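Everything below concerns the one structure shown next.
The values are calculated or read from the model by the stated rules, or taken from the named source; none is laboratory data. Predicted model, so just to flag it, every value in this text is computed and none were measured. Quick reminder, even Gly has a Cβ in these numbers, built from the backbone with ideal geometry, and neighbours come from all protein chains shown.
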Amino acid sequence: MNIKKGVLFDLDGVLVDSEGEYTKFWGATGRRFNVGGESFAADIKGTTLGEILSGFPEDARDGIVAELHAFEQSMSYPMIDGVAEFIAQLQRAGIPMAIVTSSDNVKMGYLFKARPELKEAITALVTGSMVERSKPDPEGYLKGAELIGIPIEDCFVFEDSLQGLQAGMSSGATVIGLATTNPRERLKGKAHRIIDDFAGFTVDMMLEITSRP
C-alpha cells in the first residue's frame, strides 16, 4: 500500500507520556520564582523553552535550563498506549512521519537514546529551534509537512495541548486530538476527531477522518 498521506506528531502527551512530569517540573519552578499563576504549567504547553524562560529573571535562566536537562536526562519516556503498533502500521503503509515539537535538541538526544525506535521511524524532525513562532502558530506543522514532502492538506496532525490543536487546525491539516493531557470535554470542537490514545486505533481509521464538513 502506498498512500500519498503524511503524519505529523506532537511529542509530549502524544508519543510519550511525559506531560505529567513536565507539569510537576514547571509548576514547582514557576512557584519558586513567582512566575505565572497556578495554571502556569498548563499555560506554557506547546511553547518553546526560550519563550518559557522569557518570564523568568535573566540571571536564573541558565540554572533553570541546567535543571531541566538534568530532569529530562533521568526521565524514562514511557510510550502512550498503542503508539508502537500504530507507527508500525504507518511504516508498512509507506506513510512518512515527522515529529513537530517545541522541545530543544538536548532533550531530543535524551529521548532518542531512550527510544531509538522513534528516531528510526520518523522521516523528519522539527524542534523549537527550527521555528520562529511556536504553537499555536502553525509554522512548525507547515515546516513538518514540507520536510516529509506531503502537502499540509494531505497530512494528519496528532496533538494533545490546546495550543497544539490550534496550530494544527490553522495549518490546514486534518487534526486528531488525544485526550491524554486534557479531558475530552475540553477538546471538543478543537479537532476533527478525538481519541483517548492509540490503543485499537488503525491507519484505516485515520484515513476515514476528514477535515471537510
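Being in contact with a strand residue (DSSP E or B) (Cβ under 9 Å, 6 or more places away or on another chain) and without any contact (Cβ under 8 Å) to a residue 40 or more places away in the chain is the filter here, so list the residues in the range 167-186 that pass it.
Of the range 167-186, the ones in contact with a strand residue (DSSP E or B) (Cβ under 9 Å, 6 or more places away or on another chain) are 167-169, 171-179, 181, 184.
Hits for the range 167-186 are M169, S171, G172, T174, V175, I176, G177, A179, R184.
The rows are residues; the columns are (1) within 26 Å of S39 (Cβ to Cβ); (2) surrounded by fewer than 16 Cβ atoms within 10 Å (Cβ to Cβ); (3) not charged (D, E, K, R).
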residue	(1), (2), (3)
Q73	no, yes, yes
P116	no, yes, yes
A121	no, no, yes
V157	yes, no, yes
V175	yes, no, yes
N182	yes, no, yes
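Among the residues of the range 66-77, how many are without any contact (Cβ under 8 Å) to a residue 24 or more places away in the chain, part of a helix (DSSP H, G or I) and within 13 Å of Y22 (Cα to Cα)?
So the first thing to find is which residues in the range 66-77 are without any contact (Cβ under 8 Å) to a residue 24 or more places away in the chain, and the list is 66, 70, 74.
Going one step further and asking which of them are part of a helix (DSSP H, G or I), we end up with 66, 70.
Restricting the remaining residues to those that are within 13 Å of Y22 (Cα to Cα) gives 70.
The total comes to 1.
Tell me, please, whether a residue that is under 16 Å from L15 (Cα atoms) and among the hydroxyl-bearing types (S, T, Y) can be found in the range 45-64.
Going residue by residue through the range 45-64, those that are under 16 Å from L15 (Cα atoms) are 45-46.
In the following step, the residues that additionally are among the hydroxyl-bearing types (S, T, Y) were identified as none.
The answer is no, given that none of the residues of the range 45-64 is under 16 Å from L15 (Cα atoms) and among the hydroxyl-bearing types (S, T, Y).
Residue by residue through the range 155-213, note down the ones that are of a type in the set (V, I, T) and part of a loop (DSSP other than H, G, I, E, B). Lay out the reasoning, then the answer.
So the first thing to find is which residues in the range 155-213 are of a type in the set (V, I, T), and the list is 157, 174-176, 180-181, 194-195, 202-203, 209-210.
Matches in the range 155-213: T180, T181, T202, I209, T210.
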Inset, instruction - Scan the range 161-173 for residues that are surrounded by fewer than 22 Cβ atoms within 10 Å (Cβ to Cβ), at pLDDT below 95 and within 24 Å of I148 (Cα to Cα) and jot them down. - result: Q163
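Residues are listed down the side, and each one gets a yes or a no for (1) touching a Pro at 6+ places or on another chain (Cβ under 8 Å); (2) farther than 30 Å from T202 by Cβ; (3) assigned to a loop (DSSP other than H, G, I, E, B):
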{"site": "T29", "(1), (2), (3)": "no, yes, no"}
{"site": "E51", "(1), (2), (3)": "no, yes, no"}
{"site": "G55", "(1), (2), (3)": "no, yes, yes"}
{"site": "I87", "(1), (2), (3)": "no, no, no"}
{"site": "K135", "(1), (2), (3)": "no, no, yes"}
{"site": "G140", "(1), (2), (3)": "no, no, no"}
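Here's a check for you: in the range 1-18, which residue that is out of contact with any Leu (no Cβ under 9 Å at 6 or more places or on another chain) and surrounded by 20 or more Cβ atoms within 10 Å (Cβ to Cβ) is modelled with the lowest pLDDT? Steps first, please.
Of the range 1-18, the ones out of contact with any Leu (no Cβ under 9 Å at 6 or more places or on another chain) are 1-2, 4, 6, 8, 12, 17.
Retained after the next criterion (residues that are surrounded by 20 or more Cβ atoms within 10 Å (Cβ to Cβ)): 6, 8, 12.
Values: G6: 98, L8: 98, D12: 93.
This residue is D12.
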